[in-house]
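A.B. asks: Structure below; questions to follow.
Throughout, read-outs are computed from the coordinates displayed, never taken from laboratory work. Computed from a predicted model, the values in this text were never measured in an experiment. Note: ideal-geometry Cβ built from the backbone for every residue, glycine included; neighbour counts use all protein chains shown.
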Ligand SMILES: NC(=O)c1ccc[n+]([C@@H]2O[C@H](COP(=O)([O-])OP(=O)(O)OC[C@H]3O[C@@H](n4cnc5c(N)ncnc54)[C@H](OP(=O)(O)O)[C@@H]3O)[C@@H](O)[C@H]2O)c1
């Protein structure tokens, strides 16, 4: 099969399209013919060696955390899916990923594709939506009437986090750059703050939750936004180097679960229209490295998706 292989830790220079043997499904796996796969910031970071200390990869390796496609084969213990099912889900990064024509994935991290999405949109969804779900719902526990700030509201995770918080009844503020202000407003944000011209900490106060998708100094500057007892939830972003300036605010890492039941919840929200999927850019598989370049600028709008089959 064709795959985008990672052959070292030299960033984009270590990536190459190549022919490699296809994966063999284990008993609990589904083998998926990938129709679309997203490029997440973590893919670029891994290509630069970011996860090296905790995840030693054997080269060639295939990156790509999530995708959408059609079940080609199921392992002997799988009963929830059958060949021909249209599914989306999350691959195990320590095994081979979704930037290939086929991927073998634990069936526990797969769900039926939302019926109203094509593979391109569904392929953009799993990691970003599950990350937003973790930050806003399971860890952030956003609720009706609360005030929630979403940093990086125009990105893959932030654009979904805004919509989830709105769906739960929260009042939502979001930060974004000048070219994305209208976009973030259209997603439902009640307050939109241009981080290039406005100090968000001076613009809003008494918030219940900050979902931090930036880390570092942005997290430090988020403390004054919160009321006493407020929460900063965050996924894997650069740590804050300063000491916490307040003790009446809790910083909570948001562990991301890839279980089918959460993917099903996200599908339900997408199918009801509560959450709209924003595909920012689609790249043919042959241009996969351009998609990585795009995502690694750190200024993506919505998700970047690889079209693996040239049709959706
Ligand atoms: N499981 C996990 O732990 C997990 C999962 C997914 C993502 N992440 C991490 O979460 C972060 C966001 O991921 P993503 O997929 O949403 O990224 P993305 O799609 O690449 O979006 C990045 C966004 O950040 C915005 N941005 C840049 N500088 C900003 C600033 N100073 N203030 C506010 N917004 C700013 C950009 O908006 P403008 O273009 O308007 O500047 C862009 O829309 C990444 O660091 C990623 O690695 C972690």
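A.B. asks: Can you give me the P(r) profile for the chain? Cα pairs, bins 10 angstrom wide beginning at 0, each as a whole percent.
C.D. replies: 7, 28, 34, 22, 8, 1
A.B. asks: Can I ask one more? So, R0 is 45 Å and r is the distance between the beta-carbons of residue 203 and residue 51; what FRET efficiency does that work out to, to 0.05?
C.D. replies: Working from the Cβ atoms, E equals 0.80.
A.B. asks: Something else now. Could you work out [θ]222 nm for the chain from helices alone, using -39500 (n - 2.57) per DSSP H run of at least four and dividing by all its residues? Round to the nearest 500 deg cm²/dmol.
C.D. replies: Rounded to the nearest 500, the figure is -6000 deg cm²/dmol.
A.B. asks: Considering the Cα positions of the range 195-298, please state its Rg to one decimal place and its Dmax as a whole number of Å.
C.D. replies: Rg, Dmax (Cα atoms, Å): 17.6, 51.
A.B. asks: Return a whole-number percent for the relative contact order of the range 128-253, with Cα pairs under 8 Å and 6 or more residues apart as the contact set.
C.D. replies: Normalised by residue count, the contact order of the range 128-253 is 23 percent.
A.B. asks: If you count, for each residue, the other Cβ atoms within 10 Å and average over each peptide, how do 229-241, 94-106, 8-20 line up from highest to lowest?
C.D. replies: For the peptides 229-241, 94-106, 8-20, the packing ranking is 94-106, 229-241, 8-20.
A.B. asks: Sticking with this one: In the chain, what % of DSSP beta bridges are antiparallel (nearest 5)?
C.D. replies: Bridges in the chain that DSSP calls antiparallel: roughly 55 percent.
A.B. asks: Nearest 10 degrees, 0 to 90: what angle lies between the long axis of helix 260-272 and the longest principal axis of the chain (Cα atoms)?
C.D. replies: It is inclined by approximately 70 degrees.
A.B. asks: Further, regarding this structure: Between residue 287 and residue 265, what is the FRET efficiency for a Förster distance of 22 Å, r being their Cβ-Cβ separation, to the nearest 0.05?
C.D. replies: In this case the efficiency is close to 0.10.
A.B. asks: With the crude spin-label approximation of a point 7 Å out along Cα→Cβ, what separation in nm comes out for residue 19 versus residue 274?
C.D. replies: 4.8
A.B. asks: Would you work out if the range 245-312 is rounded, prolate or oblate? Take a ≥ b ≥ c from the square roots of the eigenvalues of the alpha-carbon gyration tensor; rounded if a/c is under 1.5, else prolate when a/b is larger than b/c, oblate otherwise.
C.D. replies: Oblate, since a/c reaches 1.5 and b/c is not below a/b.
A.B. asks: What is the Cα coordinate range of the range 128-253 on the first, second and third principal axes, sorted by size from largest, in whole angstrom?
C.D. replies: 35, 31, 25
A.B. asks: Tell me, in nm to one decimal, what length is gained between residue 70 and residue 242 on full extension, where the rule is 0.36 nm per residue of separation less the Cα-Cα distance?
C.D. replies: 57.2 nm
A.B. asks: Mind ranking 175-186, 243-254, 65-76 by how tightly packed they are, going by the mean number of other C-beta atoms within 10 angstrom, highest first?
C.D. replies: 65-76, 175-186, 243-254
A.B. asks: Kindly express, to the nearest 10 degrees and within the range 0 to 90, the angle between helix 156-167's C-alpha long axis and the longest C-alpha principal axis of the chain.
C.D. replies: It is inclined by approximately 60 degrees.
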